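Colleague: Mind looking over this structure? Questions follow.
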Amino acid sequence: MTTPDGAAGPLEQRQAQRMAAQLLSGPPADGAAGVAGRLLAIQAQDPRGARLAVRARSRAQTAADVDAALTRDRCVVVTWLNRGTLHLVLAEDYWWLHPLTTPQLRTGNSRRLAQEGVPPEDAERAVAVVRAALAADGPLTRAQLRGQVAAAGVRTEGQAMVHILALASIRGLIVRGPPAGRDQAFVLARDWLGAPPPAMSREAALGELARRYLAGHAPAADRDLAQWAGMGLRDARLGLARCGAVQRADGLAELPVNPQRAAAALPPPRLLGAFDPLLLGWASRDPVVGPHRRIVTVNGLFRPFALVGGRAAATWNIARGQVVLAPFAPLDAEIRAALTTDAADVTRFLGG
């Protein structure tokens, strides 16, 4: 909303600052590593959505460029981290982010394994099988690993295999490796990423988490950081204090030097993919989705959407190789033309 003199109001300014922090306006990053460096962690349970998150924020030319960063350069990696969800992060950040955000996942993982009919002794045997198989023959897909785990007499039906692999990931043994068709094979973390650097203290890691979170999400509240990272408010506040965050007049936190604050502007019309970071970085999604929350976010799924004036204006999908837009309200000709141009870039980026 603008003020009577035409200037942006406080809420619009805040959204513009957040979107600049998110690399949706201003200079783009160089590629997947640049985006991960700014946002720290990009939700990657939907591989195409993660690639499109990089497209919208960087100079990456094709989805293959993102895959090259994952496989050829190995400068980024995908694994279970914040909130127990797959995320794409810088390889160098994996080593401190993993021990900070995964211990709290162990209880839930044990409960889910039990619900899937995998008792603790079977889970141990399954993890040992996965580790040995990847050491001998990795990278291997979930299906390939499932066969070996099942041969060892461990239940793999339903969601059991997913939670077995999550357990191996929580223990720091495995990460996602090269793409394998529509899936992504698994590898041993040390084989893929090399030896870990010296361990970071928990206090230092909390400070780094808060600093990097604010770099890609400020202005934000302590509860925003806590929800995004999957940790308690106490740890979020410790991190914010450790990184030297400053509190603004509106009660939100930012870094002492915030280049997005002065010159932030809302981004031009743009298509964003499924599970885009813009919907996952704060406790409330209302500033972006407004009254359309139940359309954009359905049963835990976050649909691809069009961003217009800093708000969701449509959902979209790809049918017969073409982007099909479903606007929430009629779009004027200029906005529709901009989205049509961006749609052509989406299909080109994904390889037609």
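The values are calculated or read from the model by the stated rules, or taken from the named source; none is laboratory data. Values in this document were obtained by computation on a predicted structure and should not be read as measured data. Virtual Cβ from ideal backbone geometry, glycine too; neighbours counted across all protein chains shown. Areas reflect the complete protein model, heavy atoms only, side chains present, ligands, DNA and RNA absent. Shrake-Rupley method; radii C 1.70, N 1.55, O 1.52, S 1.80 Å.
Colleague: Give me a count of the residues in region 206-246 that are aliphatic (A, V, I, L, M) and open to solvent by 40 Å² or more (accessible area, probe 1.4 Å).
Modeller: Adding up the residues that qualify gives 4.
Colleague: Let me ask another. Taking helices (runs of 4 or more DSSP H) that do not extend beyond region 238-352, which have at least 1 residues that are within 26 Å of GLN227 (Cβ to Cβ)?
Modeller: Here the list reads 259-263, 286-289, 293-296.
Colleague: So if I check each of LEU52, LEU24, LEU100, which one is open to solvent by less than 10 Å² (accessible area, probe 1.4 Å), part of a loop (DSSP other than H, G, I, E, B), on the phi < 0 side of the Ramachandran plot and in contact (Cβ under 8 Å) with a residue 12 or more places away in the chain?
Modeller: Unique residue meeting the criteria: LEU24.
Colleague: Right, here's the next one. What is the residue count in region 281-306 for residues that are open to solvent by 30 Å² or more (accessible area, probe 1.4 Å) and at positive phi?
Modeller: Looking only at that region, the number is 2.
Colleague: Which one is farthest from ASP183 (Cα to Cα), of the residues in region 44-99 that are among the acidic types (Asp, Glu) and under 14 Å from the mean Cα position of the chain (by Cα)?
Modeller: If we take residues in region 44-99 being among the acidic types (Asp, Glu) and under 14 Å from the mean Cα position of the chain (by Cα), then ASP93 is farthest from ASP183 (Cα to Cα).
Colleague: Can you tell me which residue in region 170-191 is farthest from ASP235 (Cα to Cα), limited to those that are open to solvent by less than 30 Å² (accessible area, probe 1.4 Å) and outside any strand (DSSP E or B)?
Modeller: The extreme case among them is ALA189.
Colleague: Follow-up question, since we're still on this one. Just need a number here: residues in region 104-152 that are within 20 Å of ASP191 (Cα to Cα) and not in a helix (DSSP H, G or I).
Modeller: The qualifying residues number 4.
Colleague: Now for a different question. With the checklist (1) in contact with a Phe, Trp or Tyr (Cβ under 6 Å, 6 or more places away or on another chain); (2) aliphatic (A, V, I, L, M); (3) in a helix (DSSP H, G or I) in hand, flag the one item MET200 doesn't pass.
Modeller: The one condition MET200 does not meet is (3).
Colleague: State whether one or more residues within region 120-142 are at negative phi and in contact (Cβ under 8 Å) with a residue 60 or more places away in the chain.
Modeller: Taking every residue of region 120-142 in turn, none turns out to be at negative phi and in contact (Cβ under 8 Å) with a residue 60 or more places away in the chain.
Colleague: Also, I was wondering about something else. Within region 294-308, count every residue that is closer than 22 Å to LEU39 by Cβ and either under 21 Å from the mean Cα position of the chain (by Cα) or in contact (Cβ under 8 Å) with a residue 40 or more places away in the chain (or both).
Modeller: Qualifying residue count, region 294-308: 10.
Colleague: Right, another one. Mind counting the residues in region 55-79 that are under 24 Å from GLU208 (Cβ atoms) and open to solvent by 30 Å² or more (accessible area, probe 1.4 Å)?
Modeller: 3
Colleague: Among what's in region 316-352 and is surrounded by fewer than 14 Cβ atoms within 10 Å (Cβ to Cβ) and among the aliphatic types (A, V, I, L, M), pick the residue that is nearest to PRO291 (Cα to Cα).
Modeller: Looking at residues that are surrounded by fewer than 14 Cβ atoms within 10 Å (Cβ to Cβ) and among the aliphatic types (A, V, I, L, M), I get ALA329.
So that you can scan it fast, the table gives a plain yes or no per residue for (1) farther than 23 Å from ASP67 by Cβ; (2) in contact with a Lys or Arg (Cβ under 8 Å, 6 or more places away or on another chain); (3) among the small types (Gly, Ala, Ser):
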residue	(1), (2), (3)
LEU272	no, no, no
LEU279	yes, yes, no
LEU301	yes, no, no
ARG311	yes, no, no
ALA319	yes, no, yes
VAL323	no, no, no
VAL346	no, yes, no
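Colleague: Can you run down the residue pairs with Cβ atoms below 9 Å, 6 or more apart or on separate chains, where the first is in region 327-347 and closer than 17 Å to PRO267 by Cα and the partner is part of a helix (DSSP H, G or I) and open to solvent by 60 Å² or more (accessible area, probe 1.4 Å)?
Modeller: none
Colleague: Still on this structure, I have one more. From the list GLY172, GLY147, which residue is under 30 Å from ALA64 (Cβ atoms) and free of Cβ contacts under 8 Å to residues at least 12 places away in the same chain? Step through it out loud before you land on a result.
Modeller: Working: GLY172 fails: free of Cβ contacts under 8 Å to residues at least 12 places away in the same chain.
None of the others qualify; the one that does is GLY147.
Colleague: Based on this model, can you work out whether GLY153 counts as over 22 Å from ARG48 (Cα atoms), out of contact with any Phe, Trp or Tyr (no Cβ under 9 Å at 6 or more places or on another chain) and either of a type outside the set (Phe, Trp, Tyr) or open to solvent by less than 30 Å² (accessible area, probe 1.4 Å) (or both)?
Modeller: Considered against the rule, which asks whether it is over 22 Å from ARG48 (Cα atoms), out of contact with any Phe, Trp or Tyr (no Cβ under 9 Å at 6 or more places or on another chain) and either of a type outside the set (Phe, Trp, Tyr) or open to solvent by less than 30 Å² (accessible area, probe 1.4 Å) (or both), GLY153 comes out as yes.
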